[in-house]
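Okay, structure first, notes after.
Just so you know, all these numbers are worked out from the coordinates, no wet-lab data involved. Fair warning: this is a prediction, and the values are worked out from it, not measured in the lab. Note: ideal-geometry Cβ built from the backbone for every residue, glycine included; neighbour counts use all protein chains shown.
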Amino acid sequence: MTPVRAQIRQAPAPAAPAAPAYDGRSAFPHGRQRLTAPAGHTALTATIVLAPFIALGAGIWLAWGRGITLTDLLLAAFFYVVTGLGVTVGFHRLLTHGSFTARPWLRVILAVAGSMSFQGNLIDWVAVHRRHHAFTDRPGDPHSPYRYGTGPGGQLRGLAHAHAGWLFTHEPTSAARYAPDLLRNDPAMLRISRAFPALCAASLLLPFAAGWTISGSLYGGLTAFIWAGLVRVALLQHVTWSVNSLCHMIGGRPYGTRRHDRSTDLWPLALLSFGESWHNGHHSQPRCARHGRGPRQIDPSAALISLFERLNWATNVHWQPPDVLQHHRTVGSKHTLRTSAPASRESIGLRSRGGPGEVFDPDLRTATASQR
Ligand SMILES: [Zn+2]
Ligand SMILES: [Zn+2]
């Protein structure tokens with residue numbers, strides 16, 4: 001979902017792009033054009049993507065014959081859950097889509113936890129993800145697996161692009177355009193965004209310190225650093241990226257979405273992604289706090305938001321009314337992957353934004369601070 005960028009772009013918003021002619025099957029216009037990122041950015045991204053796997057090899061070597069301690073596994077699970085929910089509940093459902101209103105201290109905790117996932121600073125994360133919703137699976141989408149067309153070769157190349165390849169391209173998303181609410185009116189989120197590098201360091205140092213303290217040995221700190229630090233980061237990153245890649249290619253589409261949007265529900269990733277892999281349900285109603293709509297669609301992020309609501313830490317939660325859910329099921333079932341059409345905006349009480357040539361997702365949180 002996100003680039004790995006430490007700087008917050010404050011450049012003025014560019015003019016709206018002209019409406020591209022796109023038939024839903026061809027490669028994106030200019031999609032094959034090579035967009036070379038600056039060398040420094042490429043090196044940093046490569047380090048963040050590849051280093052955890054080098055660490056995994058080192059970790060297995062270190063653990064060979066000695067085993068991995070229970071402490072390492074428990075610390076890895078703890079940091080995976082905390083940072084993962086920081087991304088899904090904090091970055092995604094709270095800050096990107098405004099699915100609920102959180103107490104200020106909870107908002108800060110969620111933003112800090114998400115920032116420790118090595119998925120980019122929160123304002124860039126939000127901007128990129130809003131752009132993904134605004135241009136889903138058509139030209140303008142930062143990480144669509146349909147970028148190179150729907151032929152077998154194009155699909156494979158597109159899958160790699162949507163998973164992690166897009167991180168290595170240089171197609172900046174303007175935070176001023178897609179996340180002005182956070183950039184201009186939310187000093188706490190701006191500070192946390194700027195603290196992204198420090199929070200990344202903390203994300204690795206905390207498991208190291210905990211492992212050292214619990215085991216009483218430097219070696220214990222080192223194995224915790226590898227398993228609960230780097231390997232945990234790698235796992236969460238690839239689960240998140242799989243929502244961008246696999247959850248637009250494989251799985252069911254029970255709900256109606258906008259034209260060209262090919263988001264899917266993919267059950268095998270539901271638990272590891274904390275409910276984010278019910279991606280078709282999410283794209284059909286982006287602001288809904290629950291992505292798993294069916295009775296057996298487990299959604300831990302929604303369960304946590306529900307708990308926050310009961311504790312009165314979260315208010316104004318956007319839960320989907322059952323009648324609207326039924327309507328979406330009906331609309332969705334009438335369309336196939338290739339021909340799906342959006343549910344009518346009016347039928348679900350959504351308003352439109354943007355003018356000709358630009359389609360804004362009506363649920364995007366690009367509005368003023370008064371709406372928070
Ligand atoms: Zn998506
Ligand atoms: Zn979203």
Seminar exercise, completed: Note: region 249-296, point scatterers on Cα, Debye, no solvent; log10 I/I(0) at q = 0.14, 0.20, 0.32 Å⁻¹ equals -0.28, -0.57, -1.32
For this session: Compute the Kirkwood hydrodynamic radius of region 51-351, taking the inverse of the mean of 1/r over all pairs of distinct Cα atoms, and give it in Å to one decimal.
Result: 20.1 Å
Exercise. In sequence order, what are the phi-derived ³J(HN,Hα) couplings for region 130-139 according to the Karplus relation 6.51 cos²θ - 1.76 cosθ + 1.60 with θ = phi - 60°, rounded to whole Hz, with x for glycine and proline?
Worked result: 5, 5, 4, 5, 5, 10, 3, 6, 8, x
Problem set entry | Residue-by-residue Karplus 3J(HN,Hα) for region 114-122, coefficients 6.51, -1.76, 1.60, Hz, glycine and proline x | x, 5, 7, 8, 6, 10, x, 5, 5
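Using packing as a proxy for protection, rank 183-194, 117-128 so that the peptide with the highest average count of other Cβ atoms within 10 Å comes first. The partial results should precede the final answer.
Details: 183-194: 17.2, 117-128: 28.2.
Result, highest mean first: 117-128, 183-194.
Reported to two decimal places, what Rg/Rh ratio describes region 141-223 when computed on Cα atoms with Rh from the Kirkwood expression? Please report the intermediate quantities before stating the final value.
Numbers: Rg = 20.0 Å, Rh = 16.5 Å.
Result: Rg/Rh = 1.21.
I'd like the FRET efficiency for Leu62 and Arg25, computed as 1/(1 + (r/R0)^6) with the beta carbon distance as r and R0 of 35 Å, rounded to 0.05.
Numbers: r = 49 Å, r/R0 = 1.40.
Rounded to the nearest 0.05, the efficiency is 0.10.
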Seminar exercise, completed: Rg (one decimal) and Dmax (whole number) from the Cα set of region 91-199, in Å, equal 15.3, 48
Exercise. Trp278's amide H: which non-local residues (gap 5+, or another chain) put their own amide H closer than 5 Å, with H modeled 1.01 Å from N in plane and none for Pro or chain starts?
Worked result: Leu266
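Would you work out if region 167-273 is rounded, prolate or oblate? Take a ≥ b ≥ c from the square roots of the eigenvalues of the alpha-carbon gyration tensor; rounded if a/c is under 1.5, else prolate when a/b is larger than b/c, oblate otherwise. Each step should come with its number before you reach the end.
Details: a/c = 2.93, a/b = 1.41, b/c = 2.07.
Note, shape of region 167-273 comes out oblate.
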